[in-house]
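Every number in this text was worked out from the coordinates using simple rules, so none of it is lab data. Since the model is a prediction, treat every value here as computed from it, not as a measurement. When we count neighbours, we look across all protein chains shown, and the Cβ atoms used for this are built from the backbone with ideal geometry, even at glycine.
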There are 2 protein chains.
Amino acid sequence: MTDTVFVLPERLRRIVEELFVRASVEPDNAALLADTIIEANMRGVDSHGIAALGIYLRRIRTGATNPRPRPRIIKEGVASVLIDGDNGLGAITARFAMEKAIARCQDTAVFLACCFNNTTFGAAFYYSKMAALEGKIGFALCNAPPSMAPWGGKKALLGTNPISVALPRRVGVPIVLDMATSAAAKSKIYLAKERGEPIPPGWALDKDGKPTTDPEEALKGLVMPLGGAKGYGLSLVVDLLCGGLSGGGCLDKVMSLHRSLDRGQNVSFALGAIDPQWFGGLSEFIAIVDEVVDKIHSCPVADGFDQVYLPGEIEERIRKVREREGIPVPRAVIEEIASEASYLGMEVDL
Amino acid sequence: MTDTVFVLPERLRRIVEELFVRASVEPDNAALLADTIIEANMRGVDSHGIAALGIYLRRIRTGATNPRPRPRIIKEGVASVLIDGDNGLGAITARFAMEKAIARCQDTAVFLACCFNNTTFGAAFYYSKMAALEGKIGFALCNAPPSMAPWGGKKALLGTNPISVALPRRVGVPIVLDMATSAAAKSKIYLAKERGEPIPPGWALDKDGKPTTDPEEALKGLVMPLGGAKGYGLSLVVDLLCGGLSGGGCLDKVMSLHRSLDRGQNVSFALGAIDPQWFGGLSEFIAIVDEVVDKIHSCPVADGFDQVYLPGEIEERIRKVREREGIPVPRAVIEEIASEASYLGMEVDL
């Protein structure tokens, strides 16, 4: 596409980091936020990559999101913590919570952190993977603003509430599942709109409840749940584990990232870690994971596929390409960032 | 169907219990196993109801399953336990594990029990619901013998590995999600075969990888994962949390319930409980659940649906009907049970 510019990841990272610092974010948090954005792009999860920067900066500028949050522990159990995110960008709370889960599960076997009062944390895999890189099993769930009807209904009540689980391997990148409980993540529909591309059939209904491939119509309508009743059930459970357990609230208590600029987004997370040492043992667990990986990779390939991938493996192939060729940044995204940058006295030339 | 007999639940329960006792199962465990079977039927999960009794008795008779297992704690952490199921019917291990999780999570906030060396535990909801009835959030996962290819593959490696989560309510039955990670549970295909009915399109492929609605062909072929790559990913994660974490083994280390009568089935479970008191508080959690229930029930209904149900709600309606009309028992199931009963010196007249 001529309307897309390719920017090398380290150059893009420096720009993102500087923009966050100019927007009053503390340097360490600015580096974290830049890393979540670049990592999303490097895995091809472009919806939570550079395309999200504009709205993050805009939320800070309008006062909707707190640039200098102080995540605060409200309650602490033997294997749990409840955290108030202080209406910051969610990555700041989520890193704090996940670091605690990773450290504490070594003593307790399992640990669960529930967090309320946040803006979105971006891509869920970032946090589950933190645990897997430390030899733990990591979980990351969050709720999201309503965009999906419960199965059998026709009003948006549920979010696309993702589930991410990451599992350590002996060598190589962890197995990383990261999936919306909708047929597709809503941010992918936003991205299709940015790019001026249609969406696949089965992703969404328009506002009259009719199937559509037009991302604009889809954004006014409803996202479809994964596999009907099952995706609805998973989405509801994720919402109750995040907004319910943390006390932050569920369904329409979660605000739109893009449209609710007069208040906090009120997103909740459930972040957990399991230490395999307390079960069959870490080396035994990793031996089983590696055996599973070998069997999956040796599976005969079905017609129309090139190979059988592990969850997260296609995404890691994208990384290799983008390390060389750069991250694609659509023209509309550049314009949005340039406009936000001008408020911060910075010229962005991509 | 004229070929189906309706039997009142209490009568069926007494017959099932007596058969297990005659098969050398201890009375308390026989009552538990009968309850898991009757409860499955009362919720309409007929695949794990009376239709499964014949194969349970046959496994005990042939020595494939231990009728008098002693579930043994192998390792215990602050918020965890690892249990060897001693090759018994899984309900015996799973009840033991779940009772521990429910009791212990009151002190630790979360608790996880991993169990290896079991025959299937039947329907997963039975165990997650135990926790929800005690004001906790309950989880039940298990692995299952290979019947599904990984996405992009054409060889059965993964099971239909179910996920069940149950959440407490102030009044009324808990919210109970219980779903296979395949498009449909394999046991539903067995049941269709028993009943001589076709299966819906999208559930399975025949042994040549072509779509089929014939349950016999489907059982020789492959079950399809829920929503393609996502169901595959969920199934893999469940397998690694059960067979991986417990050390019991994954993929083809799990044996067929119906066909492997020369050895243990080697099923593993992950059973967990969360106490909402350690997060936003139990009454606060239940208030949010009730608010969510109200909003789901008030959702405008889409064309072709009669109302919007909570996960598990349709199943509870089936209970009301079956309390009056009895549990449907297909003729083929009666014959199988009668044949097993004859080995135990009992005449079953349904």
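Residue exposure proxy: A:Ile318, A:Ile38, ordered by other Cβ atoms within 10 angstrom of their Cβ from fewest to most, comes out as A:Ile318, A:Ile38.
Going by how many other Cβ atoms sit within 10 Å of their own, how do A:Asp178, B:Asp208, B:Asp252 line up, fewest first?
Placing the least packed residue first, the sequence is B:Asp208, B:Asp252, A:Asp178.
With q set to 0.13, 0.18, 0.20, 0.25 Å⁻¹, the log10 of I(q)/I(0) for region A:152-252, from the Debye formula over equal scatterers at the Cα positions, is -0.53, -0.88, -1.00, -1.26.
For region B:136-283, the Cβ-based charge dipole about the Cα centre amounts to some 160 debye (Lys, Arg positive; Asp, Glu negative; other atoms uncharged). Charged side chains reduced to their Cβ positions (Lys and Arg at +1, Asp and Glu at -1) give region A:225-350 a dipole of some 380 debye around its Cα centre. In plain terms, the bigger the Kirkwood radius, the slower the diffusion; for region B:89-221, with that radius from Cα pairs, at 4 °C and 1.567 mPa s, Stokes-Einstein puts D at 79 µm²/s.
Extending 7 Å from Cα along the Cβ direction at A:Asp252 and again at B:Arg72 yields two label points whose distance is 5.8 nm. Here is how far apart the B:Pro200 label points are across copies: 2.0 nm, shortest first, using a point 7 Å from Cα toward Cβ. Here region A:188-222 is scanned for amide nitrogen atoms under 19 Å from the site 7 Å beyond the Cα of A:Glu335 along Cα-to-Cβ, giving A:190-198, A:215-217. Here's the picture: a label point sits 7 Å out from the Cα of A:Ala287 along the beta-carbon direction, and within region B:221-249 the residues with their amide nitrogen under 17 Å of it are B:243-249. The residue list A:Leu240, A:Ile15, A:Phe285 was ranked by how far each Cα lies along the charge dipole of chain A toward its positive end, using unit charges on Cβ atoms, and A:Leu240 comes out on top. Put in line by how crowded their Cβ is, counting other Cβ atoms within 10 Å and starting with the fewest, A:Leu350, B:Leu245 read A:Leu350, B:Leu245.
With +1 assigned to the C-beta of every Lys and Arg and -1 to the C-beta of every Asp and Glu, and no other charges, what is the dipole magnitude of region B:1-112 about the Cα centre in debye, to the nearest 20? Dipole about the Cα centre, nearest 20: 280 debye. Over all other residues within a Cβ to Cβ distance under 9 Å of B:Ala123, the charged ones net out to -1, with Lys and Arg as +1 and Asp and Glu as -1. Measuring max minus min along each principal axis, the C-alpha atoms of the protein assembly as shown give extents of 89, 49, 48 Å (largest first). Its Cα gyration tensor gives chain A an equivalent ellipsoid; the semi-axes, largest first and in whole Å, are 28, 25, 23. In nanometers and ordered shortest first, the copy-to-copy spacing of the B:Glu347 label point, defined 7 Å from Cα toward Cβ, is 10.0. Can you compute the modelled spin-label distance between B:Glu197 and A:Tyr343, with each label point 7 Å from Cα toward Cβ, in nm? With each label placed 7 Å out from Cα toward Cβ, I get 5.8 nm.
Across region B:102-166 the C-alpha pair distances fall into 10 Å bins from zero in the proportions 19, 41, 26, 12, 2 percent.
Backbone N atoms of region B:50-89 closer than 14 Å to the 7 Å Cα→Cβ label point of B:Arg22 belong to residues B:54, B:57-58, B:61. Annotation: peptides A:276-282, B:296-302, B:109-115, ranked by per-residue average of other Cβ atoms within 10 Å with the highest first, follow the order B:109-115, A:276-282, B:296-302. Simple rule: put +1 on each Lys or Arg Cβ and -1 on each Asp or Glu Cβ in region B:128-222, find the dipole, and look at B:Met130, B:Thr181, B:Leu158; the Cα lying farthest toward the positive end is B:Met130.
Once you average over the residues of B:153-164, how many Cβ atoms of partner chains fall within 10 Å of each Cβ?
4
As a size descriptor, the averaged projected area of the C-alpha convex hull of region B:1-159 was calculated at 11.9 nm².
Comment: the Cα-to-Cβ extended label point of A:Ser24, at 7 Å, lies 7.4 nm from its counterparts in the other copies, nearest first. In chain A, a dipole from Cβ-located charges (positive for Lys and Arg, negative for Asp and Glu) runs towards its positive end, and of A:Pro198, A:Leu219, A:Val45 it is A:Leu219 whose Cα lies farthest in that direction. The mean number of partner chain beta-carbon atoms within 10 angstrom of a residue's beta-carbon across peptide A:233-239 is 6.
Debye-formula intensities of region B:197-272, expressed as log10 I(q)/I(0) at q = 0.22, 0.28 Å⁻¹, are -1.06, -1.12 (one equal scatterer per alpha-carbon, no solvent).
Considering only the Cα atoms of region A:248-350, their convex hull presents on average a projected area of 13.2 nm².
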